[in-house]
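The values are calculated or read from the model by the stated rules, or taken from the named source; none is laboratory data. The shown structure was predicted, so the numbers you read here are calculated from the model rather than taken from an experiment. Every residue, glycine among them, receives a Cβ derived from its backbone with ideal geometry; neighbour counts consider all protein chains shown.
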Amino acid sequence: MLQKMSEEDLLKTSMHPRLQQPMNIIDLMHFVAEHDLHHLHTIQSIIGNMENL
């Protein structure tokens, strides 16, 4: 989907409601990927702690 976007679309920004930061689509995708990675690390930590019980 991102590959089909025009350069103009990729540069459009919108305000993130919680962070109060302007973000373009690339910023948003990076933010989402980091957020997902945080959850994956948390899950791995929980699983690791369960194995030590």
Among the residues of the stretch 1-16, write down those that are without any contact (Cβ under 8 Å) to a residue 12 or more places away in the chain and either small (G, A, S) or farther than 17 Å from V32 by Cα (or both).
Q3, K4, S6, E7, E8, S14
Among the residues that make up the stretch 43-50, is at least one of them at negative phi and under 16 Å from the mean Cα position of the chain (by Cα)?
no
For D36, state whether it is modelled with pLDDT under 95, of a type outside the set (K, R) and out of contact with any Cys (no Cβ under 8 Å at 6 or more places or on another chain).
no
Looking at the stretch 5-21, can you tell me whether even one residue there is β-branched (V, I, T) and either loosely packed, with under 10 Cβ neighbours inside 10 Å or in a loop (DSSP other than H, G, I, E, B) (or both)?
yes
